[in-house]
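Contents: one structure, followed by commentary.
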Amino acid sequence: AAEQCPAEDVTAFELLRFTLPVLTAALSAEIMSVVDTAVVGTLGPQQLAALGPATMLSDSTVYLFFWLNVACTNLFATHFARGEHREAFTVLSDALYVSLACAALLVVGLSLGGGAALAQICAMAPGALPGAKQYLSIRIIGVPALMTATVLQGACTGAKDATTPF
């Protein structure tokens, strides 16, 4: 007999109990950007104008690697559901190494080319460029942790654990 997915009946409450924490974790970067905006906004309009381009550049480049979360979730869940826990954690280990390698490349790329990219983005508001470069250098520090967290979130989701990443 072919396996059915889902193997058992899932109630709307169970689906909601799983989906809401996953959705909240997925939106955490946007929530942090709102917090950044609220805090930096108290410093003045020049600082707030500088935050936008840096946030956009760093977040957009990190999103290019969101496939790590999707791939880890799918591969981890497949092995985990089959009871192949060793293989599932091998997938997680490999995904963590790949995420750190991608993060290192992204950090180097943003460090070397981020200033030029920001100069293009800030061409209509050159006064925002120095602050944008400073904010970008601060956000770059968190890139490895963010990409690692993305992979770990995928593994938790693959193990049907929505609350740990939350």
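Before moving on, here are some points about what is shown:
- Of the residues VAL143, VAL70, ranked by 1.4 Å probe accessible area with the largest first, the sequence reads VAL70, VAL143.
- Probe 1.4 Å - accessible area at ASP161, Å² to nearest ten: 50
- Value of Rg/Rh across region 86-161 [Cα atoms, Kirkwood radius]: 1.17
- With all protein chains kept in place, the per residue accessible area of region 1-115 amounts to 66 square angstrom at a probe of 1.4 angstrom.
- Under 5 Å, built H, 5+ apart or other chain: amide partners of PHE66: none
- Hydrodynamic radius of the chain by the Kirkwood approach over all distinct alpha-carbon pairs: 17.7 Å.
- Heavy-atom SASA rank of PHE13, PHE80 (probe 1.4 Å, accessible area, largest first): PHE13, PHE80
The values are calculated or read from the model by the stated rules, or taken from the named source; none is laboratory data. Predicted, not measured: the structure shown is a model, and the values here were computed from it. Remember, those area values only see protein heavy atoms, side chains included, never the ligands or the DNA or RNA. Shrake-Rupley method; radii C 1.70, N 1.55, O 1.52, S 1.80 Å.
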